[in-house]
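The values are calculated or read from the model by the stated rules, or taken from the named source; none is laboratory data. In this text the structure is predicted, and so the values were computed from the model without any measurement. When we count neighbours, we look across all protein chains shown, and the Cβ atoms used for this are built from the backbone with ideal geometry, even at glycine. Just the protein is used for accessible areas: all its heavy atoms, side chains included, with ligands, DNA and RNA removed. Shrake-Rupley method; radii C 1.70, N 1.55, O 1.52, S 1.80 Å.
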Amino acid sequence: MEAEPFFGLASYHVALAAVGAAILVSFWIPRFISGREPAASALLIASGAAAFTLVPGMPDAIDPRTSPKVWEYISELAVIVALFGTGLRIDNLTSYSRWQPTVRLLLIAMPLTILAVALLGFFLAGMTLAGALLLGSVLSPTDPVLAGDVQVGPPTEGGEHPVRFALTTEAGLNDGLAFPFVYLGLIVAAEGFTLGGLGVEWLARDVFYRIAVGTASGAGIGWLLGKVLFALPRQNSLATTGSGVLALAGVLLCYGLTELVEGYGFIAAFVSGLALRRAEEGHEFHARLHSFSEAIEHALTALLLLLVGGVLPLLWPELDWRYVAISLLLIFVIRPAAGWLSLQGTSLRGRERLVVAAYGVRGIGSVYYLGFATSHMDLLNEGQLWATIAFTILASTIVHGLTAGAVVDHVTRKEGGKAG
């Protein structure tokens, strides 16, 4: 056997070094301009594009068109940990009026966004009906990780301004509520567009049953986790250990059990975080759980953004002006208009309503949904879907990542820091 050269450049080790350097640079450079980490999101994508050009063959190895399962699994873990941590953030669940903006964003703005994007995909881009519906569905959820700078603070901090509360709870729930529409797109792709029996089955199974099971499972498991962590045994509870890994264990348990009974695990992950937060509400252990889950979600998100950047050169040929137009219309027109319309009549004032409507950050949830869809079915518009998702995330990280934190800080201070 021929001996390997002492300074052999294995592509795997070059890739590890390139990824590490890209992450460090992406988080370091914004410190010369701003202290806000979300400003690093666009840099992570750009650094991924640059770093992966240094490793021959690497972009092909992670091409989402041929390896969707890789994207599905990594993004799935990132989203469920983020949703659990988002639920843990929320201190105050006082009244319906506090939740009214969130409910309207979910029940009005989200379906309007899906419809508008799907119509553009069908009529402007010439996509199939199934492809257009999937495009609207996968782009509809806002991101609980990349929008962290405009959300409420860690547990026990209080001061949850209505703007931050609405953006936080919307991001926590719409990842799960997009799933029925993804399933509908897959049904249309497999069976064609029919209303009758398939529509009734979709409503009964994918809308009512799975949402109800996800909610009930999350509430029950979150309550049980509260007992295990804080009450049993009372004199020697797990909360005294200070081990944040319990956050990961709890969310994996909740998500896995919910999916086994065909509920929506994303909804369960968020609701379980809400339910667990109600146990021993003032206990400092909640902050430790949140810090641990936040570290995991940020690490996974950084990796995914690098991967998005790494495959952008492969996806550019799939991206023509029509898909760019859909992405930009979503960010600058569709989401703001749908959000503004849905928030009419709520307690949010004009400037607050505008900020909530405008800052629907797109991110990792879209990667998961498209990875899920394309790993379960071959789609005619698969390349265009991936290219549009990647471009939308890039555009959103630039537009929202560089402005959202400062704008929301300005509005919440100007309104007197009103907490609900």
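From the list SER26, SER34, which one is of a type in the set (Ser, Thr, Tyr) and at pLDDT 70 or above? Step through it out loud before you land on a result.
Numbers: SER34 fails: at pLDDT 70 or above.
Going through SER26, SER34 in turn, the sole match is SER26.
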If we scan the stretch 335-356, do we find a residue that is modelled with pLDDT of 85 or more, of a type outside the set (Ser, Thr, Tyr), surrounded by fewer than 19 Cβ atoms within 10 Å (Cβ to Cβ) and not in a helix (DSSP H, G or I)?
yes
Taking the stretch 392-414 and keeping residues modelled with pLDDT under 85, of a type outside the set (S, T, N, Q) and open to solvent by less than 30 Å² (accessible area, probe 1.4 Å) leaves HIS400, GLY401, ALA404, GLY405, VAL408, VAL411
Counting just the residues of the stretch 288-328 that are within 11 Å of ALA247 (Cβ to Cβ) and open to solvent by 30 Å² or more (accessible area, probe 1.4 Å), which one comes out farthest from the chain's Cα centre (by Cα)?
ARG288
Within the stretch 319-332, identify whether any single residue is in contact with a His (Cβ under 9 Å, 6 or more places away or on another chain), among the hydrophobic types (A, V, I, L, M, F, W, C) and modelled with pLDDT of 90 or more, and answer yes or no.
yes
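Determine, yes or no, whether VAL188 is assigned to a helix (DSSP H, G or I), within 26 Å of LEU120 (Cα to Cα) and modelled with pLDDT of 75 or more. Even if it seems obvious, please write down each step before you answer.
Values: assigned to a helix (DSSP H, G or I): yes; within 26 Å of LEU120 (Cα to Cα): yes; modelled with pLDDT of 75 or more: yes.
Judged against the criteria, VAL188 is a match.
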Can you name every residue in the stretch 84-122 that is among the hydroxyl-bearing types (Ser, Thr, Tyr) and either buried (at least 24 other Cβ atoms within 10 Å of the Cβ) or in contact with a Phe, Trp or Tyr (Cβ under 6 Å, 6 or more places away or on another chain) (or both)?
THR86, THR113
Subset of the stretch 256-270 that is open to solvent by 20 Å² or more (accessible area, probe 1.4 Å) and in contact (Cβ under 8 Å) with a residue 40 or more places away in the chain - its residue that is farthest from VAL228 (Cα to Cα)
GLU262
So ASP60 fits all but one of (1) in a helix (DSSP H, G or I); (2) open to solvent by 10 Å² or more (accessible area, probe 1.4 Å); (3) at pLDDT 85 or above; what number is the exception?
(3)
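Quick check on ALA269: is it at pLDDT 90 or above, part of a helix (DSSP H, G or I) and either of a type outside the set (Ser, Thr, Tyr) or over 22 Å from the mean Cα position of the chain (by Cα) (or both)?
Values: at pLDDT 90 or above: yes; part of a helix (DSSP H, G or I): yes; either of a type outside the set (Ser, Thr, Tyr) or over 22 Å from the mean Cα position of the chain (by Cα) (or both): yes.
Judged against the criteria, ALA269 is a match.
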What are the residue pairs meeting all of these: first residue in the stretch 113-128, first residue at positive phi, second residue of a type in the set (Lys, Arg), Cβ atoms under 8 Å, and 6 or more apart or on different chains?
GLY126/ARG322
Single condition GLN384 does not satisfy, out of (1) over 20 Å from LEU120 (Cα atoms); (2) at pLDDT below 90; (3) of a type in the set (S, T, N, Q)
(1)
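Can you name every residue in the stretch 368-391 that is open to solvent by 30 Å² or more (accessible area, probe 1.4 Å) and assigned to a loop (DSSP other than H, G, I, E, B)?
Applying the first criterion (open to solvent by 30 Å² or more (accessible area, probe 1.4 Å)) to the stretch 368-391 yields 375-378, 380, 384, 391.
Listed by number, the residues that qualify are MET377, ASP378, LEU380.
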Go through (1) free of Cβ contacts under 8 Å to residues at least 60 places away in the same chain; (2) under 16 Å from the mean Cα position of the chain (by Cα) one by one and return the number of the condition ALA358 breaks.
(2)
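For GLU294, are the conditions met, namely being outside any helix (DSSP H, G or I), over 30 Å from THR66 (Cβ atoms) and of a type in the set (D, E, K, R)? Give the steps one after another, and end with the answer.
Numbers: outside any helix (DSSP H, G or I): no; over 30 Å from THR66 (Cβ atoms): yes; of a type in the set (D, E, K, R): yes.
No: the conditions fail for GLU294.
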Would a scan of the stretch 9-22 turn up a residue that is outside any helix (DSSP H, G or I) and at pLDDT 80 or above?
no
